[in-house]
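Computed from the coordinates by the stated procedures, all read-outs in this text should not be read as laboratory data. The shown structure was predicted, so the numbers you read here are calculated from the model rather than taken from an experiment. Reconstructed Cβ throughout: ideal geometry from the backbone, glycine too, with neighbour counts over all protein chains shown.
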Amino acid sequence: MNEVPFLAELAVVSAFAVGIAVLLRRLDLPVVSLLLLAGALVGPHALALVNDLKRIEAVADVGVVLLLFTIGLEFSLTRLLQFGARVLAVGALQIAITLGLVVVVMAIGGASLARGFFFGCLATLASTAIALRSLRDRNEVDAPHGRLIVGTLILQDLAVVPMMLILPTLAGESGGTPALDGIVVLAKAALTVAATFVGARIVVPRLLGLVDRARSRELFLLSVLALCIGTAWLTSLTGLSVALGAFLAGMILADSVYAHRAITDIVPFRDVLTSFFFMSLGMLLDWRVLFDEPIAVGIVFLGLIAVRFLSGSLAALAARSPLRVAVLTGIALAPFSEFGFVLAQAGGRLGLLTASEMRIVLAAAILTMVIAPLLTKAAPAISRSIGRWDWIDRALRPSDLANGEPEVALAGHVVIAGYGVAGQVLASALRASDVPHVVVELNADTVRAARLSGVTAVYGDVTRPDALVHARLVEAKALVLLVNDPEAAERAIAAAKQIAPRTAVFVRTHYSRAAARLASLGASSVVVEEVEAGIEMLALTLRHLGTARNVLMEHVDAARAQTQTSMRDQTLPRRRLGTVAELDLLKVETFLVRDGAHAAARSAIEMGVRARSGALVVAVHRDGTLIEQADPSKPFQIGDLLFLVGSRPTLARAMVLLESGSVEPAAPKV
């Protein structure tokens, strides 16, 4: 009898979420913020369309389990190590600084160490979804600040699991000594993890292998869900949280051959169920708190933003990142985390967060998410303003780079900004062409490696005039911008045109929509990666389909006329005979002219190779040289390697002719 009201409530919540998303799409708010807003409107403190939150929360709890499962599924040690020790150190330091700041501030206010640590955990976590979306929209994931942000977010997501484990100890539910309780919890967690992985390595691959052989998508999905929920349940039986179990279940599959398939199948379910989780949190939001306690909400709101901005920036500066990169890193960590709501709800159940405090924290957290797009848009301007304090960059420069900065005494050289794969390829070509060049790079490790390989490298920010002056841009013939930060590329062009207006500036960009903007700033030429990739794919596809070269080139020229021109000659993949259906019957064969062979000292015309066998001698390899247009009237020499083209029967006749001088009527068996 209860199914109809429950379905009605789900329908109401879903409809409001979609409606609000459609109405407010122009505000560019994060999806999480819209879900929270939808929940707040239908909840008991607003329209009261949903009054029984327990049934919605039951669905939401499954969503949280799936959320932690997919975090574990996307985590692997290999992926984590790809970020490098420096990036991971920034993430660890940001967590430590945040916890320390919050604990000290709350201790001054009279709070206990346990509550201070809990609120520190809440303040530590930043929104992975919002930050990654912002980085992807601006194509800055591989930028210096992008790598720091992503590495920090990954470590924060991983830190959620031990934070959830330590909550009962912080709440004093164990009844023992907090330090001893913490050790016991961690030891129990370590044993659970070890047991889970031992079982996973032996049992799970075999079971999923059996399921996979059934060739049923539904059965595979059900098996993944059983693994996720079952592991979470078994972990809870040991006294640990279901969060740890769900995370472990994901890690079990992370390095298996089934990881990508599991992610593809489970993500739609996770997204739907976690959407209900965020809407259920929104239902807890009491709008009246904004009017009843505006000062408290404002303090928590400003405190959350300030502490994460400060900790993120300080951690990046401690890793010797430039001030501009540190500021962008701190700003990206401002919005409250999705996992912060999970942690807050768990803390509320354990008494670490009172009902009044929950109202204030929820309101302040949602405000940080609402303001996130505004902070993102203002981030470049803020970084430019603060970035003028160049004395900070000079003070934080690594001593070995500051003291060993090479004196650039070049003229007519090329300045390369960014020493990734493209920069190294260009530098190698310039070196082979005896063209002097200097590299400007932000990554200290990259600068050290470049100098060890003999490259003149300057440690500096190409957006700063002092770095360009040190690279002697005025005397340079060209500046090549190969940085992964679009905003930095624009600033570098502007700085270069002020210092050396006559120096050519070549810049790479990912998207064609940025080309006009870069050209207006003074870029001599803009290479758009998506256009070049599209034209390359066009050529490869049409060549594979057998399109004639002249027709193919017309398509390439038309595509370039619509997008961007290029001075580079178009090179197309050579078609092999085996890939051309019309010529599939033709084979390539070789014949070595030895002493005593009929072909020795005789020409192809003299023997009538083409007329008598049907095969054609297309090339001759002689004394280490390939003669592609061998004169058919010139005699072959002993040691010549002949290349012949023809069908299998004609080649068989040619072999006999070249060896003995006669042609057998039938081809030998092959």
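The table below gives the values:
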| read-out | value |
| --- | --- |
| Fraction of the pair-distance distribution of the range 240-333 above 20 Å, Cα-Cα pairs, percent | 67 percent |
| Highest average packing first - 357-370, 528-541, 95-108, 296-309, Cβ atoms within 10 Å | 357-370, 296-309, 95-108, 528-541 |
| Burial ordering of Ile263, Ile416, fewest other beta-carbon atoms within 10 Å first | Ile263, Ile416 |
| Packing-based exposure ordering (other Cβ within 10 Å, fewest first) of His555, His437 | His555, His437 |
| Sorted by Cβ density within 10 Å, fewest first, the residues Leu253, Leu586, Leu285 | Leu586, Leu285, Leu253 |
| Range of Cα positions in the range 577-660 per principal axis (Å), largest first | 37, 26, 19 |
| Most to least packed among 337-347, 605-615 [average Cβ atoms within 10 Å] | 337-347, 605-615 |
| Dipole axis of the range 397-523 (+1 Lys, Arg; -1 Asp, Glu on Cβ), positive-most option in Gly420, Ala449, Ser433 | Ser433 |
| Mean Cβ neighbour count within 10 Å, used as a protection proxy, ranking 625-631, 41-47 highest first | 41-47, 625-631 |
